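Input: a single structure, listed below in structure tokens.
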Amino acid sequence: MPRYLVTGGAGFVGSHIVAALCDRGDEVVIFDNLSTGHRAAVPAGVRLIEADLASQQAVDDALADGKWDAVLHFAALSLVGDSMRTPLYYLQANIGNGLRLIDACIRNGVPRFILSSTAALFGMPDRTPIDELARIDPGNPYGESKLVLERALFWADQIHGLRSAVLRYFNAAGSDPDGRLGEDHRPETHLVPLAIDAAMGRRPPLQVFGTDYPTPDGTCIRDYVHVSDLATAHLAALDQLDDRSVTYNLGSANGHSVLDVLRSVERVGGRPVPHTMAPRRPGDPPVLVAASGKITAETGWQPRFAALDDIVATAWRWREAHPHGYC
Ligand code: UFG
């Protein structure tokens, strides 16, 4: 039975990948410090190593504990806005922890590695949709930290033969269609859960960050991809790593403005989303839409939830059933 170590496996994206691996009968161990992840997101029967990637000892102990078929690395600081306020903290944490983990994989003979990367490394893209050959120029320290890890994996492959899949997510949204998992960040900063909570009357009106962008309605355009579709993409990418490394952009190839998302929440929930117009949020590019043709051509992967309303509907159901999140 394949055996995987998943860092950040109790977090939003990581927990959905853990569920997908468990669903197909693989053995999974989660390495998570629970700083943003949730114990309740760890499935019954899955071992949780509650530890920090900053600890060399903890990382070495985990990697030396038996044979691993791959390490999947999700644990990271991941907020663009925060990274603009505390850049050195972001760079040190994400790069330091990532390099420590990659090095331990090499020393312990782990053959494959998956890096959760980001569209944030394209900064202000020079073309859209964004394919894997688009110019890379991170517009914020968060994106920069992922870029350094992408380059580290390039050299880990060249010199040590560690095969890797770099998966650059656009905007992960939605939640497990079976209702087992959901999105619960504290504090929450992401558009879809905030808009749903505003519609449910659980939060103040949503602030629309910026209405003067060069887009048709003046608000930012993003590519929302269902988190369970990200999960199937990870399974597909793992199968590619026998004799090469791969890099894929992962989105649904559809751009939606902030106001489009609010309208979708209103359609799904049948209630208005109270909102106010606010200034731009520093670090936000106007448009980020993925060209995901490469992973589709090479693996056959297709998003199951292509329509925004379907993505929002899964998120709405989870938040309705879990008014206080995971607690
Ligand atoms: N937005 C608002 N009001 C809010 C929250 C968000 O208008 O209260 C807007 C943002 O300005 C942005 C859009 O909604 O235009 C999406 O914002 P999110 O915070 O939901 O997501 P981001 O696009 O900032 O970032 C997400 C991930 C990053 C990843 C990026 C890649 O959080 O880790 O997608 O596209 F790098």
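Observations on the model:
- Only Lys, Arg (+1) and Asp, Glu (-1) charged, at Cβ; region 62-113 dipole about Cα centre in debye: 60 debye
- Label-point separation, ASP212 to ALA278 (7 Å along Cα→Cβ), nm: 1.8 nm
- Under-5 Å amide H pairs with HIS275, H placed in peptide plane, nonlocal only: LEU206
- Gained length - ARG107 relative to ALA54, 0.36 nm times residue gap less alpha-carbon distance: 17.4 nm
- Region 1-151 - percent relative contact order, Cα under 8 Å, separation 6 or more: 22 percent
- Packing-based ranking, highest mean first, of 276-286, 28-38 given that Cβ atoms within 10 Å are counted: 28-38, 276-286
- Computed on protein heavy atoms with a 1.4 Å probe, the accessible areas place ILE159, ILE17 in the order ILE159, ILE17, largest first.
- Here the contact order of the chain, divided by its residue count and restricted to Cα pairs under 8 Å and six or more residues apart, works out to 19 percent.
- Peptide packing for 48-54, 96-102 was compared via the average number of neighbouring C-beta atoms within 10 Å per residue; ordered from the highest value, the list is 96-102, 48-54.
- Shape metrics for region 174-327, restricted to C-alpha atoms - Rg then Dmax, Å: 16.5, 52
- Listed by number, the DSSP H helices of the chain that run 24 Å or longer by alpha-carbon position along their axis and have mean Kyte hydropathy of at least -0.5 are 87-107, 141-160.
- Spatial separation of Cα centroids for region 254-315 and region 190-240, in angstrom: 5 Å
- Per residue, the Cα convex hull of the chain amounts to 122 Å³.
- nm² value of the averaged projected area, convex hull over the Cα atoms of region 92-188: 8.3 nm²
- Additional length obtainable on full extension of the chain from ARG24 to MET1, 0.36 nm per residue less Cα span: 7.3 nm
- Computed with a 1.4 Å probe over protein heavy atoms only, the accessible surface of region 67-201 comes to 40 Å² per residue.
- Placing unit charges on the Cβ atoms of the charged side chains and taking the dipole of region 88-239 about its Cα centre, the candidate lying farthest along the positive direction among HIS226, ALA93, THR215 is ALA93.
- Given their separation in residues at 0.36 nm each and the Cα-Cα distance between them, ALA40 and LEU133 gain 29.6 nm when the chain is fully extended.
- Under the convention that each Lys and Arg Cβ holds +1 and each Asp and Glu Cβ holds -1, the size of the dipole of the chain around its Cα centre is about 380 debye.
The values are calculated or read from the model by the stated rules, or taken from the named source; none is laboratory data. Remember, predicted model here, so these are calculated numbers, not experimental data. Cβ coordinates were reconstructed from backbone atoms using ideal geometry, including for glycine residues, and neighbour counts include every protein chain displayed. Accessible surface areas use protein heavy atoms only, side chains included; no ligands, DNA or RNA. Shrake-Rupley method; radii C 1.70, N 1.55, O 1.52, S 1.80 Å.
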